[in-house]
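These notes concern the structure reproduced below.
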Amino acid sequence: MDLKRKLARLGGVGPGGKPGAKPSPAPQAPEVEPASVAPAVEVPPTQVEDPPSEAPRNEPDPRVVALRRMLGDWAERRGAAVGRRGTSAAPPPGPLPAEPRSTPHGVVHVAERVLPPDHHHGSAPLAEALDVESPLVASLALQPGLAGVDFRRMLFLDTETTGLAGGTGTVPFLVGLAWFEGRSLRVHQLFLRKLGEEAPMLRVLAERMAESSCLVTFNGKSFDWPLLRTRFVLNRVTPPAELPHLDLLHCARRVFKYRGSGTRLVHLEEQVLGYHRVGDVDGSLIPDLYFRFLRGADGSALTPVLEHNANDLLLLAALLGVLVRRFRASGAEGKDARDLLGFASVALRARDYERAHAFARAAAAGDGGAVGVEALALASRLSRRVGDDQTAAANLQRALASARADQAAPLHLSLAKLYEHDLKDLPRALHHARLASPAESGEALRRRIERLERKLSRVAREYTLDFGASPPRSVS
């Protein structure tokens with residue numbers, strides 16, 4: 001195939017891979033006068049097809065189209081999130097919002113404030129966190145080791161870092177701490193003015209931890225504390241003794257899992273506490289703001305970062321108080337059936353069956369849909385556990401009345417087991433077993449049905465021998 005046709009098929013791509021580039025003419029050989037000239041031979045011209053008048057258009061790559069659509073959706077969601085958070089004017093030029101303090105370990109830059117006992121974060125009073133009972137916290141967190149902790153001396157901790165990947169290259173440049181003094185909350189933020197000056201900050205942190213009874217974080221078990229522990233080692237500073245650690249992320253995931261909206265800290269702040277941040281800096285921008293500061297940007301640009309960190313600390317205190325108060329109320333407080341069912345599931349895992357039953361009944365009463373069906377199924381399990389088989393069956397029958405198609409089969413299977421083993425009603429057991437697919441594997445369900453049929457046949461034979469007639473059939 002000649003060059004022109006190749007160029008036409010490539011859509012006019014010339015040498016060097018540049019569209020529309022013209023091929024450079026071949027270099028001419030210098031003219032040399034021949035010693036003798038041979039007679040000219042006429043050569044017929046080569047037949048060359050004219051290239052098409054217009055290069056064929058390439059169809060857009062569907063992957064590029066999908067990527068553009070994803071970017072558009074992301075930009076739209078990001079704009080909506082910014083709109084929800086609100087906007088505020090950039091802080092006026094000024095110094096770094098943290099003052100240098102001399103300590104026995106060196107100079108540490110600190111931003112500090114004290115909030116009064118009546119301060120609220122959204123709808124929740126911060127001082128309510130002081131009223132939590134350690135056994136309830138231990139059950140809520142599924143950590144028996146927290147049962148003996150004095151939560152009046154807890155330490156709230158949250159960090160802002162140079163990246164979210166973790167590892168030795170990630171530096172916590174802001175360590176936010178908060179603790180109660182009386183019923184007032186002191187917010188104490190340690191700021192790293194320059195990379196390589198972590199040791200004084202880490203020693204101050206170690207001293208505060210030595211005076212505390214436990215850590216309270218949000219995702220701190222997986223991120224904040226492992227990162228800080230690594231910084232202690234890299235800076236050759238003796239790490240503090242490990243404290244009992246309450247990570248509210250795990251509590252929130254278990255309690256609010258039926259909301260279906262995730263458990264990001266800001267989402268919980270808005271949905272649970274009713275607090276909407278205005279002008280809050282997006283977390284993904286924080287590392288860049290810090291690096292700009294290191295390159296000489298104005299220190300006031302970090303004011304939103306410190307405010308963001310302080311709000312995270314206040315949210316920890318407020319969320320702890322709200323979670324324990326609602327858990328203590330055993331369903332008497334709170335109207336969201338999804339949360340009530342979440343608390344019921346947590347109490348069941350903590351083996352607090354009475355509390356779990358109370359939450360399950362409250363959730364079933366507050367929702368007639370899918371959540372109510374799950375709550376009734378849980379209440380049935382708890383009734384059966386204490387030997388109240390009639391109430392267990394009644395709960396399952398109520399759940400069936402409003403169950404979705406995908407929820408019905410497990411309910412039928414539970415009823416089949418209940419009627420066969422506890423209530424000894426074989427006709428009803430067989431009826432529900434035949435409707436239990438696909439909640440049970442085909443072979444197991446086939447064996448269940450055959451066993452029930454054999455039992456019914458044996459009962460029928462015995463009844464005929466005794467009374468000369470077939471037994472009455474009873475099916476629900």
Looking only at region 159-170, count how many residues are open to solvent by 20 Å² or more (accessible area, probe 1.4 Å) and either assigned to a strand (DSSP E or B) or among the aliphatic types (A, V, I, L, M) (or both).
2
Could you please find all residues in region 429-460 being exposed (fewer than 11 other Cβ atoms within 10 Å of the Cβ) and at pLDDT below 90?
SER441, GLY442
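Going by the conditions given, is ASN395 part of a helix (DSSP H, G or I), touching a residue at least 12 places away in the same chain (Cβ under 8 Å) and more than 30 Å from VAL187 (Cβ to Cβ)?
Spelling it out, ASN395 is indeed part of a helix (DSSP H, G or I), touching a residue at least 12 places away in the same chain (Cβ under 8 Å) and more than 30 Å from VAL187 (Cβ to Cβ).
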Kindly indicate which of VAL204, VAL233, VAL187 is closer than 19 Å to ALA310 by Cα, β-branched (Val, Ile, Thr) and open to solvent by 20 Å² or more (accessible area, probe 1.4 Å).
VAL204
Mind listing whichever residues of region 170-183 are of a type outside the set (A, V, I, L, M, F, W, C) and either within 15 Å of LEU315 (Cα to Cα) or free of Cβ contacts under 8 Å to residues at least 60 places away in the same chain (or both)?
THR170, PRO172, GLY176
Suppose the filter is assigned to a loop (DSSP other than H, G, I, E, B), of a type outside the set (Ser, Thr, Tyr) and modelled with pLDDT of 95 or more; does VAL187 pass it?
no
Tally up the residues in region 135-154 that are open to solvent by 20 Å² or more (accessible area, probe 1.4 Å), part of a helix (DSSP H, G or I) and in contact (Cβ under 8 Å) with a residue 12 or more places away in the chain, please.
8
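Across region 358-389, which residue is least open to solvent (accessible area, probe 1.4 Å) among those that are part of a helix (DSSP H, G or I) and β-branched (Val, Ile, Thr)?
As a first pass, look at region 358-389 and keep what is part of a helix (DSSP H, G or I): 358-366, 370-385, 389.
So of that shortlist, the ones also β-branched (Val, Ile, Thr) come out as 371, 373.
Working: VAL371: 25, VAL373: 5 Å².
Top of the filtered list is VAL373.
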Quick check, is GLY279 open to solvent by 40 Å² or more (accessible area, probe 1.4 Å), out of contact with any strand residue (DSSP E or B) (no Cβ under 7 Å at 6 or more places or on another chain), outside any helix (DSSP H, G or I) and at positive phi?
no
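The values are calculated or read from the model by the stated rules, or taken from the named source; none is laboratory data. Note that this is a predicted model, so its numbers are computed, not measured. Heads up, the Cβs are rebuilt from the backbone with ideal geometry, glycines too, and the neighbour counts pull from every protein chain shown. Keep in mind that these areas ignore ligands, DNA and RNA; they rest on the heavy atoms of the full protein, side chains included. Shrake-Rupley method; radii C 1.70, N 1.55, O 1.52, S 1.80 Å.
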